[in-house]
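Following: one structure in structure tokens, then a few remarks.
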Amino acid sequence: MKILIVEDELKMAEYLHRGLSEQDCAVDVAHNGIDGQHMAMQYDYDVIVLDVMLPGLDGFSILRSLRAAKSTPVIMLTARDRVEDRVRGLQAGADDYLVKPFSFLELLARLQALTRRGRVQESTQLHIGDLHIDFLARKALRDGTRIDLTAKEFSLLAVLARRQGEI
């Protein structure tokens, strides 16, 4: 399993790197949001572990830009434990949300579950019956007529369409 960890706390990043490496995972680490976004967009990972509070660029912003371009599974790992924060992370496109402090065994199980579900379709367009979705242009057409969607509505449609039969 190839994993990107985006975590600014050095001790936490080292703990995750060591633990996941011991599980035979290939692990890359970014210590700020800008490097994390660059690595997430530039390289292919099986899963990304993403903190929210990062210097340079916050985790929610990284997640939004990542979801516009890729479908790599993301688990938010953060000290922000309010329900509103968890909902915001999941609505922004996170596949899972785990609050610090956490059990390493639980994190490992969640990472394995995300990768076990398989990578979703990476194509830039998808046809389902009379529905045509263009992920790059972020538009949807039904019978050739454009459907006006907000950014959140399109993101939700994209997730549901890419995971048809799973959800």
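Read the figures in this text as sums done on the coordinates, not as results from a lab. Here the structure is a predicted model, which is why all the values come from computation and not from measurement. Here the Cβ is made from the backbone with ideal geometry for all residues, glycine too, and neighbour counts use every protein chain on show.
Of note:
- Cα-based Lys proximity count in the chain, under 17 Å, for pairs eight or more positions apart or on separate chains: 5
- Between LEU156 and ASN32, the FRET efficiency estimated from the beta carbon spacing at R0 = 41 angstrom works out to 0.90.
- Top of ALA30, ALA79, ALA109 by mean-square fluctuation, Gaussian network on the chain, Cα under 10 Å: ALA109
- For the chain, with +1 on Lys and Arg beta carbons and -1 on Asp and Glu, the positive-most of LEU98, VAL83, VAL52 along the dipole: VAL83
- Translational diffusion of segment 49-91, µm² s⁻¹ [Kirkwood Rh, Cα pairs; Stokes-Einstein; 4 °C; 1.567 mPa s]: 121 µm²/s
- Springs between Cα atoms under 10 Å define the GNM used for the chain, and in it the highest mean-square fluctuation of ASP134, ASP143, ASP46 occurs at ASP143.
- Alpha-carbon centroid distance for the pair segment 125-167 / segment 28-74, whole angstrom: 23 Å
- Max mean-square fluctuation residue, GNM over the chain, Cα-Cα springs under 10 Å, options ASP24, ASP130, ASP51: ASP130
- In a simple Cβ point-charge model (Lys, Arg +1; Asp, Glu -1; nothing else charged), the chain has a dipole of about 460 debye relative to its Cα centre.
- Shape of segment 2-116, Cα gyration tensor, a/c cut at 1.5: rounded
- FRET E, pair GLU14, ARG146, Förster distance 35 Å, beta-carbon r, rounded to 0.05: 0.10
- Residues of segment 36-55 with an amide N closer than 18 Å to a point placed 7 Å from the Cα of LYS2 along the Cα-to-Cβ direction: 36-50.
- Range in the chain, longest, excluding exposed chymotrypsin sites (Phe, Trp or Tyr not before Pro) [loop by DSSP; at most 13 other beta-carbon atoms within 10 Å]: 103-167
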